[in-house]
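Note sheet for the following structure.
The values are calculated or read from the model by the stated rules, or taken from the named source; none is laboratory data. Everything numeric here is computed off the predicted structure, so don't read it as measured data. Every residue, glycine among them, receives a Cβ derived from its backbone with ideal geometry; neighbour counts consider all protein chains shown.
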Amino acid sequence: MPIRDDLILRMLDQVGAVIARVLTGRAPDDLAEAERELAGAYVELTGSGRELVGRLSSEQLLAILGAPSRFNRERGYVLARLLEADAQLSEIEAGEDGAAASDVRRLKALDLYLEAARAGLDEEDLDERVQGLLAALSVVALPEASHWRTFDHAVERGRYAEAEDRLFEGVQRFGAGEDVAVRGRAFYRDLEGKPDAALEEGSLPRGEVAEGRQAFEREVARAAAPGEGSR
């Protein structure tokens, strides 16, 4: 469901104002004001300063917000918006020198959006923001936990061909161990129960589901064979 909490909505308005300043401000005074607003928004939202939030990993931020069982999806979404604004500000201030720091902030934002979606947040722009961040991070090798969040998100959204691509990318990058085998088999088992129309809409017709499952099982068997690994 979409955000209903009045406090969260006010925070979102504040974050929106910060983003507007980041995108339109170019004069030193504008950037300085954007930095002050950004710092204030971090404190109001998290109780911590911008520097501390910057030092925390995605997994630490998610844990602070109650993931996985009691994740505060509204605050997670707003914090992701704030991190996106912070990434834009870093690029404006530092140019190419700020690219690495911006990517770190975008990755945290992506993880927060994905967890908010998993927790049932239904903001209209949520999936668009996820896709935008994936495009911005296309040359970045996502950490394993982040990668599997993108897989789960694609499955949840019914983009089955994309999910299959992410499954096999995960096999190549992280191996076809027991956890991946369980994840992949559950994926194909779920697809087998889908109507043909849903599979077609997800760009993975039933025949391709069968082919994909066979290819996946070959990868699992190769990984399990003595002296072998996923290739």
Open item on the list: Within region 113-134, does at least one residue satisfy the condition of being over 24 Å from Glu201 (Cβ atoms), without any contact (Cβ under 8 Å) to a residue 40 or more places away in the chain and surrounded by fewer than 22 Cβ atoms within 10 Å (Cβ to Cβ)?
Closed with: no
Open item on the list: Conditions first: (1) within 30 Å of Val104 (Cβ to Cβ); (2) surrounded by fewer than 14 Cβ atoms within 10 Å (Cβ to Cβ); (3) without any contact (Cβ under 8 Å) to a residue 60 or more places away in the chain. Ala145 passes all but one, so which condition is the exception?
Closed with: (3)
TODO: Name, by its number, the condition in (1) surrounded by 13 or more Cβ atoms within 10 Å (Cβ to Cβ); (2) at pLDDT 80 or above; (3) in a helix (DSSP H, G or I) that does not hold for Gly66.
DONE: (3)
Task: Condition check for Glu59: over 21 Å from Leu89 (Cα atoms), of a type in the set (Asp, Glu) and surrounded by 15 or more Cβ atoms within 10 Å (Cβ to Cβ) - done: no
- [ ] Taking Ser58 as the residue in question, decide whether it is modelled with pLDDT of 90 or more and either within 14 Å of the chain's Cα centre (by Cα) or among the aliphatic types (A, V, I, L, M) (or both).
- [x] yes
Open item on the list: Given the criteria exposed (fewer than 13 other Cβ atoms within 10 Å of the Cβ), farther than 29 Å from Ser102 by Cα and not assigned by TED's automatic domain parsing to the domain that holds Gln88, does Arg218 qualify?
Closed with: yes
Open item on the list: Take the residues in region 23-43 that are charged (D, E, K, R) and loosely packed, with under 14 Cβ neighbours inside 10 Å; name whichever of them is modelled with the lowest pLDDT.
Closed with: Arg26
Open item on the list: Going residue by residue through region 135-151, is there one that turns out to be out of contact with any Ser or Thr (no Cβ under 9 Å at 6 or more places or on another chain) and farther than 22 Å from Ser57 by Cβ?
Closed with: yes
Task: Residues satisfying the stated conditions in region 179-209, i.e. assigned to a helix (DSSP H, G or I), among the small types (Gly, Ala, Ser) and farther than 15 Å from Leu167 by Cα - done: Ala197, Ala198, Gly207
TODO: Could you list all residues from region 192-214 that are under 21 Å from Phe174 (Cβ atoms) and under 27 Å from the mean Cα position of the chain (by Cα)?
DONE: Gly212, Arg213
Task: Residue list for region 191-209, filter: touching a helix residue (DSSP H, G or I) at 6+ places or on another chain (Cβ under 7 Å) and among the basic types (Lys, Arg) - done: Arg206
Open item on the list: Against the condition buried (at least 23 other Cβ atoms within 10 Å of the Cβ) and among the aliphatic types (A, V, I, L, M), how does Ala109 come out, does it pass?
Closed with: yes
